[in-house]
Amino acid sequence: MMKITTLTTMFSRWFSNAADIPDSIRITLPMLVSLGMFYSLGFTSAGISGLITAWLLGTQARSLPYLKRLQILSISAVITVMATYLAFLVFDNMWLSAITLCSIAILYGLMSNQRPHIRLFGYNFGFIYIMAIHFAAVGDSFTIILMANIFAALCVMLSSLILWPFFNGRILQQHTVTVDNALTDWLNELRFSDNEAQLAAKRQFFYQSAHNLAYYSNSISSSKRAIKIKIELQRLLEMSEYIICLERALSFDLHQSTRIRLFKWIELTVEQLKNNQQITATFATNEYKNTPYIIDIIEKFKRCYNFDTFSSPDNSKNIYLFTSDSAAFIGDFCQALKFNSKEWRHAGKIAVTLAVTQFLTEFYHLPQGYWISLTAFIVLLTSSMAVTNHRIWNRFYGTALGGIYCFVCLYFIPPQHLILLTSISVFFAFTSYHKDRYDIHVFWLTSMIVFAISLLSPDNTYVSFYRIIDTLFGVTIAFSVNYFIAPSWTMTWLDRHTSNMIKSQILYVAVLNKPQWEQKINLYQSQQRYYALNGEVMNLLREPNLSPRTSKDWLSLLVLIQRLNDGLLLATKLGIQSNESHATARWIRQLQWIEQTFPDRCKHGEMPPFDTETTPIPEDMLCALIEKDIQQLTAWMLYQRAFVV
């Protein structure tokens, strides 16, 4: 029975969930229509071009509101025309075409910090340009290729927008329900587990759902409805902050009686939230210390859900309520243009890689050598060494297995069935697209491309081997540039992110006695920097030859910083209610010492002066939590010191 279950689990990884199949069909249908129409008219190259254009644009329209899809796909259609025209304009001049390709690569690299659908503009431009260069070089008609690309773009628009009148409100409803359920599940998890990793996963899922709803609300045509959604989302985000406060309070050494009564309150509250009822559950007071904090959190949580009304939220101050695409694009692009930014390095890496692949293709007159450039372009999507290496490996062996599968099919199946084989591969490529298994997606993608290219020369059964060789070249070149010419190890950027995080904590402590709106601004900035640091640490964990000590150290630092941030949030929501209010000056001094010491933490020599006198942990819960968090951060810093011989 266990073996059958294991085989079923392994087999299911090759396909998407049932809920993903409609979106997979939406992507595959325009691809097959574009290929079938132009192939039946005798323009096979144009059919392949339409197939790839529909692929690129179809994946860009995923997870977007319908109105936003229309806007994004319209821009992508224009970009498709521009890329095709530019390729046919410069294809006969090797130097000009190479310079153009490197310029596109630099632009794409500078856009690597953009939102996914904006970043794909640069990716689609480069991909279509490389393909069109090949079609132009072998003498295909510009008019036919352009018509195929435009037809594919129109098919994608139609398939992406055809269900607009039926599902527009339903998608919004699904987002809203997901956010509500995520908040309730997170609160309920406090009763069952004190495992920080499990609670962090629940928290992350809630905020990711909130991101999706917030972004969706930016594209709703009715401004009144959009404001209503954002106000309701602001209420949920406010409630989530009180859940963080409860989570932090439960980490304190509360009396067992207090803990049991709090769990009972959470159980009743979760039941009322699930039934969309007002929260009437009460927390019985007792004589133990620190219960006023618990009571305060609970009463504010209830008031926030039952009675509070929010005015129009200031979206620019809240990272969860996204700004518009245009404002985000300008801000992120200006950030990327800064000297010595990670995006500049990534842009240079892609440009060098594509220059090398283009030179080899021209010098050796490789047949279908454009796929070498495409392979290198695909695997260098991200600037992270770890993620790129992961993609390189998956790309290689996914392609190798796909090539073997294609060779067997081409050898035994008659050429007249090629269009059927292509259609099957297209479908499976995008039913596995939603999975995290990039290698499986590459397997089916390889078979799709090989079968499509085989339509140009049905008698050549060795085209799959050429495809593997092209991928091997592309992957090897990308790997070599990634490692030896322009490496971008995550460790080189971590210190900068950590220093920014500590600075934001200092600013956060400094405004604890300031008005609520000023504390909110620092809260959002601190959270934004934490997520940036968290992303970099997750990339670091995937890098090769990382020692267990290093990975554990950075993971522990993430936990300590999040604890401190949550403790400061608790102080923001409740205010310091004890005689320890003067402690904020001491906390700032301690954090400033950590900031000064951090860049040189692993070097020999004297550390900046620090008051080594151990501050006793106060009895007040809020101050005790923050004091303990800062002491643990200090201990982490001292533990990083090099051993002096």
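The values are calculated or read from the model by the stated rules, or taken from the named source; none is laboratory data. This one's a predicted model, so the numbers in the text were calculated from it and none came from an experiment. Cβ sites come from the backbone with ideal geometry, for glycine too, and all protein chains shown count toward neighbours. SASA here: full protein model, heavy atoms, side chains in, ligands and nucleic acids out. Shrake-Rupley method; radii C 1.70, N 1.55, O 1.52, S 1.80 Å.
I'd like to check one number: the per residue accessible area of the chain, probe 1.4 Å, reported in Å² as a whole number.
46 Å²
For the range 476-523 and the range 105-135, what is the centre-to-centre distance using only Cα atoms, to the nearest Å?
27 Å
Please report, in Å, the Rg and the Dmax of the range 212-293, where both are computed over Cα atoms only.
Radius of gyration, then largest Cα-Cα span, for the range 212-293: 17.1, 54 Å.
Could you tell me how many degrees, from 0 to 90 and to the nearest 10, lie between the Cα long axis of helix 223-250 and the main elongation axis, the longest principal axis, of the Cα atoms of the chain?
Approximately 50 degrees, to the nearest ten.
Which whole-number value in Å³ per residue fits the convex hull of the alpha carbons of the chain?
Value for the chain: 193 Å³ per residue.
Need the list of lysines near LYS224 for cross-linking: C-alpha distance under 23 angstrom, and skip anything on the same chain fewer than eight residues off.
Those lysines meeting the cut-off are LYS68, LYS317.
Grab the Cα-Cα distance for SER480 and ASP600, subtract it from 0.36 nm times how many residues apart they are, and report the gain in nm with one decimal.
Result for the pair: 40.0 nm of gain on full extension.
Got a sec? What order do SER504, SER40, SER499 fall in by accessible area at 1.4 Å, biggest, i.e. largest, first?
Sorted descending by solvent-accessible area, the residues read SER40, SER499, SER504.
Please work out the ratio of the alpha-carbon Rg of the range 94-183 to 2.2 N^0.38 Å and round it to two decimals.
1.58
Suppose accessible area is computed on protein heavy atoms with a 1.4 Å probe; arrange HIS497, HIS390, HIS582 from highest to lowest.
From most exposed to least exposed: HIS582, HIS390, HIS497.
Using a 1.4 angstrom probe on the protein heavy atoms only, could you order TRP393, TRP95 from most to least accessible area?
Details: TRP393 150, TRP95 180 Å².
Solvent-accessible surface, decreasing: TRP95, TRP393.
Using only helices, what value at 222 nm comes out for the chain when you add -39,500 (n - 2.57) per DSSP H run of length 4 or more and divide by the total residues, to the nearest 500 deg cm²/dmol? List each step's numbers first, then the result.
Details: 24 runs with 474 residues, N = 645.
Taken over the chain, the calculation gives -25500 deg cm²/dmol.
Taking the Cα centre of each part, how many Å lie between the range 76-95 and the range 352-412?
A separation of 22 Å, based on Cα centres.
Set the Förster radius R0 to 35 Å, insert the Cβ-Cβ distance between SER63 and GLN416 as r into 1/(1 + (r/R0)^6), and round the FRET efficiency to 0.05.
Given R0 = 35 Å and the Cβ-Cβ separation, E is 0.35.
Which percent of the accessible area of the chain is formed by carbon and sulfur heavy atoms (probe 1.4 angstrom)?
Of the solvent-accessible surface of the chain, carbon and sulfur hold 62 percent.
Averaged over all directions, how much area does the convex hull of the C-alpha atoms of the range 17-75 cover when projected, in nm²?
Reported value for the Cα convex hull: 4.5 nm².
Quick one: length gained pulling ASN545 to ARG641 fully straight, 0.36 nm per residue minus the C-alpha distance?
Extra length available between ASN545 and ARG641 comes to 32.4 nm.
Heavy atoms of the protein only, probe of 1.4 Å, neighbouring chains included. What is the accessible area of ILE171 in Å², nearest 10?
40 Å²
So what is the orientation-averaged projected area of the range 160-243, using the convex hull of its C-alpha atoms, in nm²?
6.1 nm²
With every protein chain left in place, what is the accessible area of PHE465 in Å² (1.4 Å probe, nearest 10)?
90 Å²
Can you tell me how much longer the chain between ILE25 and ASP185 gets when fully stretched, taken as 0.36 nm per residue apart minus their C-alpha distance, in nm with one decimal? Don't skip to the answer; put the middle values down first.
On the way: separation 160, 0.36 × 160 = 57.60 nm, distance 3.20 nm.
54.4 nm is the gain from fully extending ILE25 to ASP185.
Please give every one of the aspartates and glutamates within straight-line cross-link reach of LYS300, meaning a C-alpha to C-alpha distance under 13 Å, and leave out same-chain neighbours fewer than 8 residues apart.
GLU238, GLU241, ASP308
Taking LYS342 as the anchor, which lysines have their alpha carbon closer than 16 Å to its alpha carbon, excluding any fewer than eight residues away along the same chain?
none
How large is ³J(HN,Hα), in whole Hz, for each residue of the range 41-47 in order, when computed from phi with the Karplus curve 6.51 cos²θ - 1.76 cosθ + 1.60 and θ = phi - 60°, using x for Gly and Pro?
Listing the rounded values in order: 7, x, 10, 5, 4, 5, x Hz.
Can you give the accessible area of TRP344, probe radius 1.4 Å, in Å² rounded to 10?
Accessible area, nearest 10 Å²: 110 Å².
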